[in-house]
Amino acid sequence: MILPPETNVDSALRRAALLFRLLAVAWMVVMVVITLTTDPGASRSVVLGSMIVAIAGAAWSTRHLLSDRWLTDAFLVIDGLVALAVAFAPQLAGASDGFYGGYPMSWVVMVAVARDVGWGLGAAGLFSATQAVGLFTGSPAAPSPSDWISLTVMAGVVALVIGLGAEFLRTAEARRSRAEEELEAERRRHAVEEARLAERVTVADDLHDSLLQTVRVLAQHADDPERVRGLARRQERDLRGMIERMQGVGRPGAAAALRREAADVEDLHGVEIDVVASGDTEVDQSVAELVRAAREVMVNAARHSGAVRVDVTLEASAGRVAVVVRDRGQGFDADAAAGHGLASVRDRLGRLGGKVDVRTEPGEGTEVELVLIRQQT
Amino acid sequence: MSRPRIVIVDDHAIARAGTRALLGERVEVVAEAGTVSEAIEVIRDTSPDLVLLDVRMPAGGGAAVMEAVAAHGVRVLVVSASSRKSDVRDLVRAGAVGYLTKGAREDEFADQVIAAAAGQAVFSREFAAWLGELVDQPGSDDRAGLTARELEIVAHVAEGRTNKEIAHAAGISVKTVEAHLASIFPKLEAANRREVMNWARERGMGEQPELTDRQREILALIARGLRNVEIATRLGTTTAEVESEVRSILEAVRALD
């Protein structure tokens, strides 16, 4: 059986054991037919009975092997009882020769695959013992002493080869995946190192272009408090952006996109916008549209609410993305809200299958909730 | 009512001055401390109503202060610019009554400090959002280089399963589970299963805080920037009820081990 390299060793071994079991049972059927036609001394009911037991056992184990559960000890014991009974059947039937085909041996293989060499040898020993019984009782179905010895040796060799082979394949798989991961980790470390270096250069440039210039301008305008306040606010945002970049939170995502829009609206309208994200999500087309709609709502709040601060929240979870824009400004009469630019926001969200909730009263501030419902992936 | 007595712990003098200015006359700042050892000393000397504690400081940081004073029943409110969730979570677990973000929402800062001094749990929007995330979406992108299969096995370990049970559940042999664990241990720098379990739980695998729907709703509203009184109105309940729920949320986060 040739396997692609990424195949899991355990499932491959299980399939190999299954193949062996099916061949074994086919072989047994051939032997049974030969026995029934050429051996009038064999009890037909025992011969047929043992064949039926073997076929039922093979069907049951096939089902088990094809499911994704691993072979349990209980499975191996039951499978073993069937195999040993089948191995003993020719003596019971008074046949002149064995007709169990490969069935008992396929159990030895099963044990060696599921457990290890030691248990496989034990299974081989039990199989050999069923034949040794015939040797002592003088059953014609039992092998001759020399055949018994070669049968025992063969069963032992099968257990040894299959058990050690499985062990080897498993170790090799573990070692290979470890090596691959180490290589991958090494590559990542390298990439991180390079990114860090590039980041340091960027930070130095940012400090030079932004902070140093601002401090210079601040000194020149020390007598103009309004100007100084504005510069300080802009500088604070610059620094925050730098810090976030350094902390790696400025990743591309809905939260970052929302923060960019918020910073822009802050600049244009001189209102503080505080963005908090609970969860994050990739910016696909509809999320991009949501962010644009949120910008419109932020602009409305900045222009009409009279509040000094606007709180923006991104709520992203598996089935839902929402942006909530809150202010503690003057609010408005929601029934007459057409003039507040909400109509176009509703249109946008409506096209995306989302919705807009507005909570406001004159004097009570405003909360606008933009919601996208997403199909669960 | 007398003014609450506050100690400010921060290694930056400018930050301490800023905090003092924000608090104004409504509280009494009985002492400031700029180092861990200084902080432990003044807190013991003054037994304040509330300590405002910075997370990152030389020589052990906020955690060291917390450890030294927690046994004395001193209330500690974490005030930090750090958004490292593990730091914050460790401090909350060690007994902090809440977490505020440095420099944000300065108009509400004094109110929240006074509320915390009076025994309330106070959460910044960021902290509430993060707790909401923790409840909502367990797991983390910090995988420590584990493969998907290894993560799956770590999750089983976190649930307290044996190798045999894991093998059964994952459809692989015990030997393969052992082989995976052999590569998981060094990646997590874990010496035993217990440490693997801890690593997983810190990342939200296994246990998550058990919150009621109402508590989740409250967290979401705090994250949106609502005050407790506004939350009470929204949910049609009393402010005292909201405060008590917020304390329960804090307890649930602390109960994680």
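Just so it is clear, none of the values below were taken in a lab; they were calculated from the coordinates. Keep in mind that what you see is a predicted model, and the values were worked out from it rather than measured. Here the Cβ positions follow ideal geometry from the backbone for every residue, glycine too, while neighbour counts run over all protein chains shown.
Brief remarks on what is shown
- Relative to the longest principal axis of the Cα atoms of chain A, the long axis of helix A:9-38 lies at roughly 30 degrees.
- For the range A:93-247, a simple Cβ point-charge model (Lys and Arg +1, Asp and Glu -1, everything else neutral) yields a dipole of about 260 debye relative to the Cα centre.
- Computed from point charges on the beta carbon alone (+1 for Lys and Arg, -1 for Asp and Glu), the dipole magnitude for the protein assembly as shown about its Cα centre is near 1380 Debye.
- Evaluated over the protein assembly as shown, the count of Lys pairs having alpha-carbon atoms less than 27 Å apart is 5 (only pairs 8 or more residues apart or interchain).
- In this structure, A:R292 and B:R149 have a Cβ-Cβ separation that, at R0 = 51 Å, corresponds to a calculated FRET efficiency of about 0.80.
- Contact order, relative form, for the range B:181-255: 24 percent (alpha carbon pairs under 8 Å, 6 or more residues apart, mean separation divided by residue count).
- Axis angle, to the nearest 10 degrees, between helix B:36-46 and the longest C-alpha principal axis of chain B: 50 degrees.
- 14 Å beta-carbon shell around A:T38, net charge (K/R +1, D/E -1): -1
- Calculated FRET value between A:L160 and B:E159, using beta carbons and R₀ = 45 Å, to 0.05: 0.75
- Each Cα pair under 8 Å and six or more residues apart adds its sequence gap; the mean of these over the residue count of chain B is a relative contact order of 15 percent.
- Helix B:193-202 and the longest principal axis of the C-alpha atoms of chain B enclose an angle of approximately 50°.
- Projecting the Cα atoms of B:G171, B:A15, B:M57 onto the charge dipole of the protein assembly as shown (Cβ charges, centred on the Cα centre) puts B:G171 farthest toward the positive pole.
- Residue exposure sequence - A:S67, A:S106 - by fewest surrounding Cβ within 10 Å: A:S67, A:S106
- Each of B:Y99, B:I43, B:L146 was scored by the projection of its Cα onto the charge dipole of chain B, and the greatest displacement toward the positive side belongs to B:L146; charges sit on the C-beta of Lys, Arg, Asp and Glu.
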